[in-house]
Amino acid sequence: MGSYREPGLHILGPEWLEIAEHATLSFGKGTPEELRNQVKLPFELPPPSGLTITDKPVPGYDGGTNQVRIYKPEGPSTNGAVLIYVHGGGWTVGTLDTEDAFCRTVCTGNQIVVVSIDYRKAPEHPFPIGIEDVWAGVLWVQNNLESLGGKPDNIIMGGLSAGGNMTAALVQRARSTGLVSIRGHILREPIVVHPAVQPAGVDFSSYVDSKDAPILPTIGVHRCLEWYKPVPDDLRMSPLLAEDFSGLPPAYVQIAGVDPLRSDAFAYIDKLQAAGVPVRVSVYPGLPHAFQMVPLKSSQQSDQELIHAVKWLIGSERDEDTSNGGPDRLAGREP
């Protein structure tokens, strides 16, 4: 198998080119409100099958109120596992509905409880309100594990894009504070460092080779950051800058080839592996950031590989061969 960092990952592939004219969402243009309207689902969510779904208000940051959506499988959760999930959207757009279908798939595919945490959005609610809302939700999950059907030693956490950013930062906080025990984490196309403080000597060439990418061009990254207004070197924004990666839980990372944030993911993987943290990686050549939100064959493959990785993270397949979804996994290519 070739390295998952092989050249040409950033060249749009035929699967995307076939539907490109219909995929018009771009964070490179439009106001936050216009973008929010574009990502709204154009249909009502179907009734749940094989699971129950409950929306619940929970405490947010600084006295605010937040929402979580709880997905419970029929029957007990495998190994008492709970996945805390954080949706993406550049800290600006997205709701609990945005990745509802994905959360259902993981719940039924793994027979585990999933808790999707919403958060207040920028620019109305700038940094650090969003990430602190999520942390308040994480603490709520920790304090309500018994009613959720979970066990304190089998919590995993994951998110897409901005959700991946918050996941990486809060998994570090959980380790440092000891308030929550996170067994594993899932990063799907995360941003892990503010462009203004990217470490010297680290390759961030994806900001150049994918500057005109669909969905999230490089200017789109900067627009989202302008709305979010984070402190660049705050570890809640830039977890890549943490001095100590030891003791972090195993990670599964998904990377899109045509994505300015591709280099972020590679840099974070390097830091995890250097600290001895087990990591599995899936790379999707020729596809843009958040391609999973578009009905593609590769989107289905991405979900299935994530389901497989969850089994590894929660301990139900931790000892099996890692060739499927494991390190150096170049999705869509034969070994």
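The values are calculated or read from the model by the stated rules, or taken from the named source; none is laboratory data. Remember, it's a predicted structure, so these values are computed and weren't measured experimentally. Reconstructed Cβ throughout: ideal geometry from the backbone, glycine too, with neighbour counts over all protein chains shown.
List of remarks:
- Pick from segment 217-233, criterion touching a residue at least 40 places away in the same chain (Cβ under 8 Å) and assigned to a loop (DSSP other than H, G, I, E, B), ranking: farthest from Phe27 (Cα to Cα): Val231
- Put simply, of Leu35, Leu9 the only residue that is under 21 Å from the mean Cα position of the chain (by Cα), modelled with pLDDT of 95 or more and not in a loop (DSSP other than H, G, I, E, B) is Leu35.
- Qualifying positions in segment 65-102 - surrounded by fewer than 20 Cβ atoms within 10 Å (Cβ to Cβ) and among the hydroxyl-bearing types (Ser, Thr, Tyr): Thr65, Thr78, Thr95
- Restricting Ala136, Ala196, Ala168 to those that are surrounded by fewer than 24 Cβ atoms within 10 Å (Cβ to Cβ), within 19 Å of the chain's Cα centre (by Cα) and assigned to a helix (DSSP H, G or I) reduces the list to Ala136.
- Within segment 199-216, the set of residues being in a helix (DSSP H, G or I) and either within 25 Å of His87 (Cβ to Cβ) or touching a Gly at 6+ places or on another chain (Cβ under 7 Å) (or both) comprises Ser206, Tyr207.
- Filtering segment 234-261 to residues that are over 23 Å from Glu132 (Cβ atoms) and either hydrophobic (A, V, I, L, M, F, W, C) or assigned to a strand (DSSP E or B) (or both) leaves Tyr252, Val253, Gln254, Ile255, Ala256, Gly257, Val258.
- Against the criterion of being surrounded by 20 or more Cβ atoms within 10 Å (Cβ to Cβ), on the phi < 0 side of the Ramachandran plot, modelled with pLDDT of 95 or more and assigned to a helix (DSSP H, G or I), Asp264 qualifies.
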